[in-house]
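**Q** Input: one structure, supplied below.
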Amino acid sequence: MRRLLALFAAATLLSASPWALSHEYQAGALHIDHPWARPLPPVAPNGGAYLTIMNHGGEADRLLGARTERAAVTEIHTHVHENGLMQMRQVDAVDIPAHGTATLKPGADHLMLMGLTAPLTEGDSFALTLIFEKAGEVQVEIKVEQPASDAQPAAAHGAHQGH
């Protein structure tokens, strides 16, 4: 009986973890895993969205952009080290090599949501359309959740507020 209770407790804890509730999408050879955004204070004008794209095909593809009603503008950004400082810059696309992976994450390539139309509140979700060069348009659902690995508040992440 104890073993059964321990198993039930472990399963309950695991199911409560935001990362355990991973959501996935398929677009041809592209596999899109766990689109998410970090919650931000209600006054934050901008935010970031993150996901992983795995290309199981023999031909490269490119993420050209995205759009969502949750933001006035959505751009692909990256971080660059310039003059001793880390800065964010817009990029035209993210390459997804054949049989490769592109990871959009905090501190690296990410989707910049500028002019948020509503706060990014933990537990919310919203639609976002990814635009690929070859796979076309793919709608995903962004879940707003705090990653367990976050050691500092979202507002402390710099000029783009939370990514």
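**Q** Of the heavy-atom accessible surface of segment 36-80 (probe 1.4 angstrom), what whole percent is carbon and sulfur?
**A** Solvent-exposed carbon and sulfur of segment 36-80 make up 56 percent of the total.
**Q** Leaving out ligands and nucleic acids, and using a 1.4 Å probe, what accessible area per residue does segment 41-85 come to in Å²?
**A** Dividing the accessible area of segment 41-85 by its residue count gives 49 Å².
**Q** Packing-wise, with mean Cβ within 10 Å as the measure, how do 78-86, 26-34, 126-134, 91-99 rank, highest first?
**A** Result, highest mean Cβ count within 10 Å first: 126-134, 26-34, 91-99, 78-86.
**Q** Does segment 47-146 come out rounded, prolate or oblate by the C-alpha gyration tensor, with a ≥ b ≥ c the root eigenvalues, rounded set by a/c under 1.5 and, if not, prolate when a/b is larger than b/c and oblate if not?
**A** In terms of gyration-tensor shape, oblate.
**Q** To the nearest 20 Debye, how big is the dipole of segment 96-151 about its Cα centre, given +1 on the beta carbon of each Lys and Arg and -1 on that of each Asp and Glu?
**A** Rounded to the nearest 20 debye, it is 160 debye.
The values are calculated or read from the model by the stated rules, or taken from the named source; none is laboratory data. From a predicted model like this one, the values you see are computed outputs, not experimental measurements. Cβ sites come from the backbone with ideal geometry, for glycine too, and all protein chains shown count toward neighbours. For the accessible areas, the whole protein counts, side chains as well, though only heavy atoms, and no ligand, DNA or RNA atoms are used. Shrake-Rupley method; radii C 1.70, N 1.55, O 1.52, S 1.80 Å.
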